[in-house]
Amino acid sequence: MSEAPRSEYRGQIHQQQKDLMLHWYERLDESARTGNPPAVSLMISGNCIELLEGFGAVPLYPEVNALQLAIRHQSLDPILAAEELGYAADNCAYVKADIGAMIKGITPAGTPLPTPALVLCNFVGCNTYVKWFEHAAEFQGAPLAMLDVPFLRTAEPRAEDIDYVVRQLHEIVRQLEQITGRRFDMDRFREAVRCSARVEEAWSRIKNLARRTPSPFDAYFDAITLMGPLYVYRGSPEGVAFFELALKEMEEKVARGEGIYDQEKFRVVIEGPPPYPFFRSFRDMFATWKATAVASTYSTVGGLWEFGFRHDPDHPFESLALHMLAHNVTNRNYLQRYEQIRRYVEEWDADGIVIHFVKSCRLFSAGQGDMRDYFTRQLGVPTLYIESDLEDPRYFSEAQIKNRMDAFFEALEHSRSIGTLRRGAAALRHPAAGAGNAPVAGERLKILP
Amino acid sequence: MPAATENLIEQCRAIVEDLHLGEVRRWKEQNPGAAAIGYFPVYTPVELIHASGLLPVGLNGAGDRLDLQYADARFGSFICSIVKTTLEMGLTGYLDPLDGMLFSGICDSARNLAFVFERNFPQKYIDFLHLPQNPSSGASASFLKAEYLRLAAQLEKLGGRKLDDDALRASIAVYNENRALLRDLYALRAANPHQVHTSDLYLLQRAGNFLPVETHNTWLSRALADIADRQAKPRDSVRIVIEGSFCEQPPLDLIRLVEEAGCYVLDDDFILGRRWFTEDVPIDGDPLGALAESYLDRSVYSSVRHDFRHRRHKLLVEKVRRLGADAVLFLIAKFCEPAYFDYVLFKRELEAASIPHLLLEFEEKAFTFDRLRTEVETFVESLLFD
Ligand code: SF4
Ligand code: SF4
């Protein structure tokens, strides 16, 4: 099993994806040189890109910059530079890479990045975001604003939550009007929301195609390639064209019965972000076993649409609020994430789960041992737990991860050979358990000593 | 210090170190049927719990008094100790006297912990409060009021009294008194640090996490009177402000060590939630609104509360200047992300203001401190003989 089989589809969308991202960097460059279009920093999680379209502003996503550095094996230097400023070994390395690159003047495309007209902290789940944006604003000398999105602590967002977010969105609009001197264009905003709804429809259909056996694409690795356009262009006609083309290509693959490999052997759900500095080797570890990710939580950071949510041009502000409050993995609570994964196993017909613990990211990782406990002990789903980092190359032990991965898939193969490997609903020992907001309780471990 | 106060502090130490929550059990025996609600640090609106007739119980981890048998497997590497010891306390029955647990979004680990609790303790009421992080917004006060009302409704389901303005005013008043006493003790220490040991003040304060607030008020008044009368001689010391221990608490021996090494602590952020408001919460008018507005506009700064109108690194420097401190000691729990992030801007600002600082990392469960002792001593020497 030394040669990893070919595991990538290259259609038109591949080139188009590159062109779109290149064009984004050109716009950022233009903004850096001329101040036009204005740039606004945003976080990926539950991003409100549509609002920026209402100003003709270009988004600056520090996470995308950070991950680009990691994929190109350029993240260590900026991380070390940040640590010299006082960041701890255990702080999220995304932040360190971004701040370090800022200090050292390193940019993903080599061209300068603009100073944002506003650092807009859309606080959607991740507490680290708040620190990140405070620091970014400080080091860039840019104005800073908070968009506080209440964490989803009830099954559905409450009327008060929606109202709070909507009122803040209006406040941000006024603030951006003052800063940029541009008027907020309501028609353009509504149009962006309409585009988003179409992109979301196409994207959701693509994701649902992964329910097929074989899946026409990998809902982790390939989904990540599509995530750039999803976050930068969701509210624009270019985004619509791109995702409708992607859907068409995927449907054609399904019609031809084409998967990722000549034969799809295993179907897994992946939880957690990828190790970007070792993206290729990590993918190869799955490819070696002809294992496809049929669903992933990471691909729902910016938005969770495969369960039906769409932006609504008739209620643009409210739908932005709903998206940020409830329809992305980061603002949903931990048990709702268990439930999301459970549904993936059941409805996307998976054989098992791979949990990738990422040192940097407590949002994803804190409690993943409990998650594993739920899936293995309570539901009986084969679950692999591995550890590394999404940005810092010092925390990736290739041989160790590969050994564990091989052992996991060998065990699945063995179960299959003796007829005990179950897939989808059958893989869940108690398919009904854990439905809703509160999975069945773990057993009580010990009474007072 | 008079023997009475020494005994009181000894009593506080026993309460703080009692993992079995003996005080809470006693209270429940005396108030049959009434629920006790634990809260994970840093801040929770205790007045609401009190006004419902329930007992708020502040949890600050288990220190070095509990071995981890189960929680490590649930929370894995790179997670601070208090998250694990709190879960361990739950899984091994120590939290049984608590009928509910409140969490808030202080950090990503604590937030996930709330929901891990929900899965593992279905018999308990587990809730998560979203405390607004955008006080600049005109919408945040009404949001917070609604959040408090949501909590009050849940407390009612646990057998609490229906929220009523007069009861809430009374509760606010008794907590105002509690905070005023603590403020006085802190002011006394800042003015005369030789008169009160920080480790004593710490115990006096932390015991309040487990006591009915009325009892705690009595104890604090007694201690305040005794300490104010105390005659002691100042010695050569470095006057410091401690920052970074707002959630997981440093071991008591570490606090003692810092003092023994020659530091007078003028201010600290231990158990910060007990001193959350900078002034009394108003009790005329709408008490729930006053509580919400106080959170937004009259709170201490903290690494887990964000208010872009008032930047924390500026406030730390202001505090150092106002108290006339010589230096800042950062006592940061291992893996505490909010504290470590804030350290970067704190450090930058302190350096710009030429205020020296030392960073020490601790774990609540540590019990030997030789290396830390050397570091503090070296730091103190460098400042004293500068
Ligand atoms: S902690 Fe996780 S979600 Fe937050 S910024 Fe870091 S990688 Fe992103
Ligand atoms: S000690 Fe720090 S990291 Fe740990 S729970 Fe408290 S705030 Fe979070």
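FYI, it's all coordinate maths here, none of it is from the lab. Bear in mind that the values here come from a model prediction, so they are computed numbers and not experimental data. As a convention, Cβ positions derive from the backbone with ideal geometry for all residues, glycine included, and neighbour counts pool all protein chains shown.
Using a/c under 1.5 as the rounded threshold, could you call chain B rounded, prolate or oblate? The axes a ≥ b ≥ c are square roots of the C-alpha gyration tensor eigenvalues, and prolate needs a/b larger than b/c, oblate otherwise. It is rounded, given that a/c, with a ≥ b ≥ c, falls under 1.5.
Fully extending the segment from B:Ala153 to B:Arg235, taken as 0.36 nm per residue of separation minus the present Cα-Cα distance, adds 24.2 nm. An oblate overall shape is assigned to segment B:20-163, the ratio a/c of its alpha-carbon gyration tensor axes (a ≥ b ≥ c) being 1.5 or greater and a/b not exceeding b/c.
Based on alpha-carbon atoms, the Kirkwood radius and the radius of gyration of chain A give Rg/Rh equal to 0.96. Were the residues from A:Lys18 through A:Glu83 laid out at 0.36 nm apart, the gain over their Cα-Cα distance would be 20.2 nm.
Relative to the compact-globule estimate of 2.2 N^0.38 Å, the Cα radius of gyration of segment A:189-305 comes out at 1.07. Sequentially through segment A:402-414, phi angles give Karplus couplings (6.51, -1.76, 1.60; θ = phi - 60°) of 5, 4, 5, 5, 4, 4, 5, 6, 4, 5, 5, 5, 5 Hz, Gly and Pro residues having no value and appearing as x.
Here chain A is scanned for GluC sites (Glu not before Pro) in DSSP loops (not H, G, I, E, B) that have at most 11 other Cβ atoms within 10 Å, and the longest stretch holding none of them is A:4-442. Note: relative contact order over segment B:11-111, using C-alpha pairs below 8 Å and six or more positions apart, is 32 percent.
Expressed in Å, the radius of gyration and Dmax of the Cα atoms of the protein assembly as shown are 27.2, 90. Shielding value for B:325-336 is 1, the average number of Cβ atoms from other chains within 10 Å of each residue's Cβ. Considering only B:Cys263, B:Cys336, B:Cys107, the mean-square fluctuation computed in a Gaussian network model of chain B, springs between alpha carbons under 10 angstrom, is largest for B:Cys107. The A:Thr111 and B:Ala3 beta-carbon pair, evaluated with R₀ = 60 Å, returns a calculated FRET efficiency of approximately 0.25. Given in Å, the Rg to one decimal and the Dmax to the nearest whole number for the Cα atoms of segment A:282-410 are 16.3, 53.
Inter-part distance, segment B:214-260 to segment B:341-377, computed on C-alpha centroids, equals 19 Å.
Between B:Phe103, B:Leu158, B:Asn120, the Cα set farthest toward the positive side of the dipole of segment B:20-163 (charges on each charged residue's Cβ, about the Cα centre) is that of B:Leu158.
Amide hydrogen proximity for B:Ala333: with H placed 1.01 Å from N in the peptide plane, the residues at 5 or more positions away or on another chain lying under 5 Å are B:Phe362. Sort out for me the Cα centre separation of segment B:87-110 from segment A:243-262, rounded to whole Å. Segment B:87-110 and segment A:243-262 have Cα centres spaced 48 Å from each other. Considering only A:Ala81, A:Ala93, A:Ala159, the Gaussian network model of chain A with Cα springs below 10 Å gives its largest mean-square fluctuation to A:Ala159. Of the GluC sites (Glu not before Pro) in segment B:190-290, the ones in a loop by DSSP (not H, G, I, E or B) with at most 12 other beta carbons within 10 Å are B:Glu279. Overall, segment A:24-184 carries a charge dipole of about 260 debye about its Cα centre when +1 sits on the Cβ of Lys and Arg and -1 on the Cβ of Asp and Glu, all other atoms neutral. The helix-based estimate of mean residue ellipticity at 222 nm for chain B, built from -39,500 (n - 2.57) per DSSP H run of four or more residues and divided by its residue count, is -16000 deg cm²/dmol to the nearest 500.
Ranking of A:Met146, A:Met21, B:Met89 by neighbouring Cβ atoms within 10 Å, starting from the fewest: A:Met21, B:Met89, A:Met146.
Can you grab the distance from the C-alpha centre of segment A:140-163 to the C-alpha centre of segment A:51-81, Å, no decimals? Centre-to-centre distance over Cα atoms comes out at 22 Å.
Here segment B:136-267 is treated as a Stokes sphere of Kirkwood radius computed over C-alpha pairs; at 25 °C and 0.890 mPa s its diffusion coefficient rounds to 140 µm²/s. Positive end of the dipole of segment A:111-227 (Cβ unit charges, origin at the Cα centre): among A:Pro150, A:Phe189, A:Ala202, the Cα lying farthest that way belongs to A:Ala202.
The percentage of C-alpha pairs in segment A:24-184 whose separation is greater than 18 Å is 60%. Judged by the gyration tensor of its Cα atoms, with axes a ≥ b ≥ c, segment B:1-86 is oblate; a/c meets the 1.5 cut and b/c is at least as large as a/b.
Among the trypsin sites (Lys or Arg not before Pro) found in segment B:150-259, those both in a DSSP coil and sparsely packed, with 16 or fewer other Cβ atoms within 10 Å of their Cβ, are B:Arg161, B:Lys162, B:Arg230, B:Arg235. Rounded to the nearest 20, the Cβ-based charge dipole of the protein assembly as shown about its Cα centre (Lys and Arg +1, Asp and Glu -1) stands at 1200 debye. Relative contact order of chain B: 21 percent, from C-alpha pairs under 8 Å at least 6 residues apart in sequence. Roughly what angle does helix B:287-297 make with the longest principal axis of chain B, taking Cα atoms, 0 to 90 degrees, to the nearest 10? Roughly 30 degrees between the two axes. Listed by chain and number, the aspartates and glutamates whose C-alpha is less than 12 Å from the C-alpha of B:Lys347, apart from same-chain residues fewer than 8 away, are A:Glu84, B:Glu243. Axis of helix A:316-326 versus longest Cα principal axis of chain A: the two differ by about 40°, to the nearest ten degrees. Comparing A:Gly419, A:Gly239, A:Gly272 in a Gaussian network model of chain A (Cα springs below 10 Å), the most mobile by mean-square fluctuation is A:Gly419.
Which pairs break 29 Å Cα to Cα here: A:Lys248/A:Lys290; A:Lys131/A:Lys359; A:Lys290/A:Lys359; A:Lys104/B:Lys84; A:Lys359/B:Lys319; A:Lys18/A:Lys131? As for pairs spanning more than 29 Å Cα to Cα, those are A:Lys104/B:Lys84; A:Lys359/B:Lys319; A:Lys18/A:Lys131.
Take the convex hull of the alpha carbons in segment B:271-383; its mean projected area over all directions comes to 9.0 nm².
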